[in-house]
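The values are calculated or read from the model by the stated rules, or taken from the named source; none is laboratory data. Model, not experiment: these values are computed from the prediction. Glycine also receives a Cβ, built like all others from the backbone with ideal geometry; neighbour counts cover every protein chain displayed.
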């Protein structure tokens, strides 16, 4: 059996691995992106719960740009949620000056709730 074969119907090269021919796929360098924490969480979710979508994105070469977009969108949304929730609950710099422990506890609570919203609406959806 030949080590490499070319398929004219789809234009792909295949390499022999054991008894199987696997496609020789390479991600172009200009499409490599930093995906961050939220992108990695969503990637893990796609791998485990949406394998068809994950494989489609991976084989089309759009996975890393998609995950980078998810990461960027999620960070912006998280910052917006934290700002809105802290404003609504009256957590401001004046409270920070008066009682730092109360401010830290309130901000941690707000941040955790905002992360739960992000996870439910964007990451695990």
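Restrict the check to segment 100-121 and report whether at least one residue is in contact (Cβ under 8 Å) with a residue 24 or more places away in the chain and under 30 Å from residue 23 (Cβ atoms).
no
Which condition breaks for residue 34 when tested against (1) assigned to a helix (DSSP H, G or I); (2) under 13 Å from the mean Cα position of the chain (by Cα); (3) within 26 Å of residue 116 (Cβ to Cβ)?
Only one criterion in (1) assigned to a helix (DSSP H, G or I); (2) under 13 Å from the mean Cα position of the chain (by Cα); (3) within 26 Å of residue 116 (Cβ to Cβ) is unmet by residue 34, namely (1).
Residue by residue through segment 86-124, note down the ones that are outside any helix (DSSP H, G or I) and surrounded by 10 or more Cβ atoms within 10 Å (Cβ to Cβ).
The answer is 91, 92, 99, 124.
Going through segment 63-85 one residue at a time, which ones are buried (at least 18 other Cβ atoms within 10 Å of the Cβ) and without any contact (Cβ under 8 Å) to a residue 24 or more places away in the chain?
63, 66
Across segment 28-42, what is the number of residues that are in contact with a helix residue (DSSP H, G or I) (Cβ under 8 Å, 6 or more places away or on another chain), at pLDDT below 90 and exposed (fewer than 13 other Cβ atoms within 10 Å of the Cβ)?
Matching residues across segment 28-42 total 3.
Restricting the search to segment 48-66, which residues are closer than 16 Å to residue 35 by Cα and at pLDDT below 95?
Scanning segment 48-66 gives 57, 58, 61, 62, 63, 64, 65, 66.
In segment 1-17, what count of residues is obtained for those that are exposed (fewer than 10 other Cβ atoms within 10 Å of the Cβ) and either under 16 Å from residue 60 (Cα atoms) or assigned by TED's automatic domain parsing to the domain that holds residue 60 (or both)?
Of the residues in that region, 2 qualify.
What about residue 51, is it surrounded by 10 or more Cβ atoms within 10 Å (Cβ to Cβ) and closer than 19 Å to residue 125 by Cβ?
Here the answer is yes, as residue 51 does meet what is asked.
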